[in-house]
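The values are calculated or read from the model by the stated rules, or taken from the named source; none is laboratory data. Just so you know, these numbers come straight off a predicted model, no measurement behind them. So basically every Cβ, Gly included, is an ideal-geometry build from the backbone, and we count neighbours across all protein chains shown.
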Amino acid sequence: MLSSPYFRTLALPGFALAAALLLAPAAAQGADYDAYYCSGPNGEPLLLNDWVAPAGGLVGNPSNSCGAQGGAFSVTRANQTTFINGDRTAWKLTAPDALSIVGVGGDYNVQGRMTHTAAQADGISACVSWNYDVYPPETRGTDQFQGFILNCPDSDGFSESQPVKPLSGPMPSISTGITCAAPGGQTCQEGPVTINNTRYIVRFRDLDAPVPGLPVQGDLVAGGTLSGTRTVQATLRDKGSGVRTVRIYFDGTNVSEASGRCSEPYVRAVPCPTDAGIGAAVDTRRLTDGMHQMRIVGVDAAGNEGVLWDAPVLIDNGGARGPGSDPAIRGDLNGTPALDDNRIRAWWPGTARAASKKKSVIKKCKRSAYRNTHRVACNGRPPGQTLRTRFSSSRSSIIRGSLVTATGAPVRGATVRLVATSAAAGAQPRELASVTTNDAGRFEARVPRRDGGQTITAAWFARSRDTNPVGVQTLRIRVTAQTSFRATAKRIRVGKTVRFAGKLTGRAGSSAGSSIVIQASNRGNNWRTAGTANVAATGRWSFRYRVPRALRGTYRFRAVVLPSPSYPYGKRTSTTRRVTVTR
């Protein structure tokens, strides 16, 4: 049986069928990569690149069928050809000057066997070794071998699949073939014997990274603030494994990589071009706005990275920013002190005295005459975040507020933005006003009632370019609708028609789709519906009412506004009109 491979230095008698490497060791570190010859990692046929065939004749007989399914490159020692100790014949691969070989592996098989003269006496067959040797010309004949040794009683028919294993040090060349290593003065004979290499894997080491042939160019490195998609063009050179790609790092993370100039599995010692111009692009919108460290590198086939550009850059795509964002993109401070934990409050001021809670007063307040003379008792309200009021084309409601630090100190000279969103369906927010805090940190603003119901947000942004506010206070104002109301007659006979008409006063939103309910009453608050009118887009409406013959006397009529979702006003009743019905 064949023993397991082991790593040692010894004198090996007999024939050695060897994958041999010869290189001076090097101590420098680099990046490694594998090249495949004759067949790939999944058995796919590959051409035989880089290897040089030995001379032909009785002791060589090289052959190459790589590229075809099941192909191999081989060398044969002919029948009854005597080798003098130290002679050899082999395929050879020499690493380029900037590369070295640090590992080998692959698949091979042996056909036939040979013996040396001493073995004929003791019956020991020749041994097989798939290894590398340190066998320079000046030590020729010394039988010094070093590598993975396979001792065997019989090599004929032996096959093996070896994973890539490291060598004792970097080597400049590698060979695979047959070497005579008989004891001193003896010869190797019989045969023929052949070593067939069906796959050969060479691990190369590249100590050098790509370098720029020209300075990098493009709007990615042109300076200034970055936004959108930016590009860079790099001209690179690499004296080792060749230029593969360009990578772009932001804060140590690879965010973009150009298409490679070569791909694995590699099939030659220098798989990529040694000179290449490569363009790369990065979409800065995938990154957060702010300062970043950008590094652009060229990458060779081994994975070595050569730095082409390394500098801080500012990205600003107009995205969300606020507390926690990079100060470089947030702009100037808004107020003194402008801290990210400041607090804002806003409210609708109340009256000097709240409305009475006495039941007797509440009952009296239902009468308009009493309300007109007791406004505070009936209409007083406390401060709050919701205001209910009636439409007015000229009057405004006041918003008051304050901005303080977490400890309660006032924030002076800060701009507070008021953003309003109408209660009408589908309304978009709009800038209502901007106010500035005084030395006490207070601010005040007026909201026109003619704009109808709204949600108002008082927001303070710590810096001028922030999009996320530090403090927000939401207020609501509810405004009831208003309509004019008139009748074409004050006296009318039974069976005749009276026309009621009017116009909605509020112009915010769209009044189309709103309804007007006409109600009538001849005593107290016992209101009955007489009919419904639709409101036109202009806000006008009209309703014709035919007086039933059963009615007699004086009746009060009124219009009740029922707003549509697109009309930002609340339900409201108009003033009344008296109509007397006669025979």
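The residue list R540, R493, R528 contains one member that is modelled with pLDDT of 90 or more, loosely packed, with under 13 Cβ neighbours inside 10 Å and either among the polar types (S, T, N, Q) or more than 20 Å from R583 (Cβ to Cβ) (or both), which is R528.
Results for (1) loosely packed, with under 14 Cβ neighbours inside 10 Å; (2) touching a helix residue (DSSP H, G or I) at 6+ places or on another chain (Cβ under 7 Å); (3) at pLDDT below 95, shown as yes or no for each residue.
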position: K366; (1), (2), (3): yes, no, yes
position: S402; (1), (2), (3): no, no, no
position: A414; (1), (2), (3): no, no, no
position: D439; (1), (2), (3): yes, no, no
position: R442; (1), (2), (3): no, no, no
position: V447; (1), (2), (3): no, no, yes
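When each of P563, P548 is tested for being modelled with pLDDT under 90 and at negative phi, the lone residue that passes is P548. Inspection of region 293-303 finds no residue satisfying the criterion of being among the β-branched types (V, I, T) and modelled with pLDDT under 95. Among the residues of region 94-113, those identified as surrounded by 22 or more Cβ atoms within 10 Å (Cβ to Cβ), among the aliphatic types (A, V, I, L, M) and under 17 Å from V270 (Cα atoms) are A95, L99, I101, V102, V104.
Restricting the search to strands (runs of 3 or more DSSP E) fully inside region 373-428 and requiring at least 2 residues that are in contact (Cβ under 8 Å) with a residue 24 or more places away in the chain and in contact with a Pro (Cβ under 7 Å, 6 or more places away or on another chain) gives 396-404, 415-422. Condition check for A520 on (1) surrounded by 15 or more Cβ atoms within 10 Å (Cβ to Cβ); (2) part of a loop (DSSP other than H, G, I, E, B): one failure, at (2).
Could you please let me know if L214 is part of a loop (DSSP other than H, G, I, E, B), in contact with a Ser or Thr (Cβ under 8 Å, 6 or more places away or on another chain) and over 30 Å from G103 (Cα atoms)? Judged against the criteria, L214 is not a match. In region 93-114, the residues that are of a type in the set (D, E) form Cβ pairs under 8 Å with partners that are buried (at least 23 other Cβ atoms within 10 Å of the Cβ), at six or more places apart or across chains, as follows: D107/S39; D107/N197. Residue under question is R478, and the condition is that it be farther than 30 Å from D289 by Cβ and out of contact with any Ser or Thr (no Cβ under 6 Å at 6 or more places or on another chain); does it hold? Yes; evaluated as a whole, the condition is true for this residue.
Assess whether T457 counts as being β-branched (V, I, T) and farther than 13 Å from L418 by Cα. No, not satisfied. Counting only strands (runs of 3 or more DSSP E) that fall entirely inside region 223-319 and contain at least 3 residues that are among the small types (G, A, S), the qualifying elements are 275-283. Within 37 Å of the chain's Cα centre (by Cα) and polar (S, T, N, Q): does that describe T407? No; evaluated as a whole, the condition is false for this residue.
Output the number of residues of region 557-583 satisfying the condition of being more than 60 Å from the chain's Cα centre (by Cα), under 19 Å from Q482 (Cβ atoms) and assigned to a strand (DSSP E or B). Total satisfying the criteria: 3.
May I ask you to verify whether T554 is surrounded by fewer than 14 Cβ atoms within 10 Å (Cβ to Cβ), in contact with a strand residue (DSSP E or B) (Cβ under 9 Å, 6 or more places away or on another chain) and part of a strand (DSSP E or B)? When the stated conditions are applied, T554 passes them.
Within region 498-507, can one find any residue that is touching a residue at least 12 places away in the same chain (Cβ under 8 Å), in the same structural domain as T389 (by TED's automatic domain parsing) and among the hydroxyl-bearing types (S, T, Y)? Looking for residues that are touching a residue at least 12 places away in the same chain (Cβ under 8 Å), in the same structural domain as T389 (by TED's automatic domain parsing) and among the hydroxyl-bearing types (S, T, Y), one finds none in region 498-507, hence no.
Considering only residues of region 283-296 that are among the hydrophobic types (A, V, I, L, M, F, W, C) and surrounded by fewer than 22 Cβ atoms within 10 Å (Cβ to Cβ), which is nearest to A95 (Cα to Cα)? Only one residue fits best here, namely L287. Condition check: surrounded by fewer than 14 Cβ atoms within 10 Å (Cβ to Cβ) and either closer than 13 Å to A559 by Cβ or not basic (K, R) (or both). Does G506 satisfy that? Judged against the criteria, G506 is not a match. Considering the conditions (1) assigned by TED's automatic domain parsing to the domain that holds L551; (2) in contact with a Gly (Cβ under 6 Å, 6 or more places away or on another chain), R465 is excluded by exactly one of them, (1).
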